[in-house]
Structure formats: C-alpha cells, structure tokens
Amino acid sequence: MNKTFPDTIKAMRTHLINGMHAAEKSYTTLKNSGLISKLKISDDRRITIALAHLNQANTFITAAQTVYQLETTGENQEIERFFHQFQVFNDELLDSISTDHSDQWTGIEFRELVKNYNELPEIFELKPFIVD
C-alpha cells in the first residue's frame, strides 16, 4: 500500500473515534445507565446489546491497530498503551458478563482506557473523551 502519512492518520483517527464511542456504549449499556435504564430493558437483552457494542468497538480498534502496524514505523508508546488498555477493558467486560460479577473493575478499566485515549498524540487531532 502506498498511502500517504496524512491518509494513514485520518484512517486511524476515524477508527479510534468510532471505537471509543462503541466502547462507551458497551460499558454504559452493561452498567444499565442512561436511556437503557429508562427503557427497562431485560438483563439478557441489555447484555446482548452491550456485547454487540463491544464487538463493534473491537472491530474499530483492531482496524486502527492494523493500520498502525502496517502503515507506520510503530514504536509509539502512547498508541501502544492505548491498544493494550483497550484489550484489558475488552477482557474485563467479557469476564464481568461471563462470571456475573460487579462491573466495578470494568468501570475502572474503562476510565483508564479514556485516560489513554486522551493521551494519544496530538497528530490525531482528537477531542478529549469525557465520561461521567
């Protein structure tokens, strides 16, 4: 592939933004807040929706990671830390659902993911991600 550097950054930026929004939807759906809480959706349906959003987030973040690995020289600690933290969040959310335990650690890992996202290089021109 002969993409220019700005095209690579643009592709990664789009995937990162979409991935974070899907990750947030997954987490907020799991913890039964906001609109989901008001709709009184059953636990089984809520978990299905949370997993669908998590799958979407994983797809976007994996796409960004693929672009990063194939189209850049790599070795950016902030980006690699973000990709690692996404995997930690992903694993924790799945573990929370599969073992039916409190989502406390899922929240901790999600907030750490947001922190890592907000520390990504300025070259991506990302707006800070704010969580409640």
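Bridging of Lys115 to aspartates and glutamates at a Cα separation below 20 Å is possible for Glu24, Glu75, Glu78, Glu80, Asp91, Glu92, Asp103, Glu125, Asp132, once same-chain residues fewer than 8 apart are set aside.
Taking Cα atoms only, the orientation of helix 77-99 departs from the longest principal axis of the chain by about 20 degrees. Along the axis of the charge dipole computed for segment 5-122 (Cβ charges of +1 for Lys and Arg, -1 for Asp and Glu, origin at the Cα centre), the listed residues Leu93, Thr62, Asn76 are led at the positive end by Leu93. For helix 5-30, report the angle its Cα long axis makes with the longest principal axis of the Cα atoms of the chain; keep it between 0 and 90° and round to the nearest 10°. With rounding to tens, the tilt is 10 degrees. Placing pseudo-labels 7 Å out from each Cα toward the beta carbon at Ile97 and Lys10 gives an inter-label distance of 3.4 nm.
Note on Cα Rg over 2.2 N^0.38 Å: of the candidates [x] 1.32; [y] 2.24; [z] 1.10, the value calculated from this structure sits at [z]. By the count of neighbouring beta-carbon atoms within 10 Å, fewest first, Thr66, Thr8 end up ordered Thr66, Thr8.
All of the numbers you see were taken from the coordinates with simple rules; none came from a lab. If you're wondering where the values come from, they're calculated on a predicted model, not measured in any experiment. With ideal geometry, Cβ positions are generated from the backbone for all residues, glycine too; neighbour counts draw on all protein chains shown.
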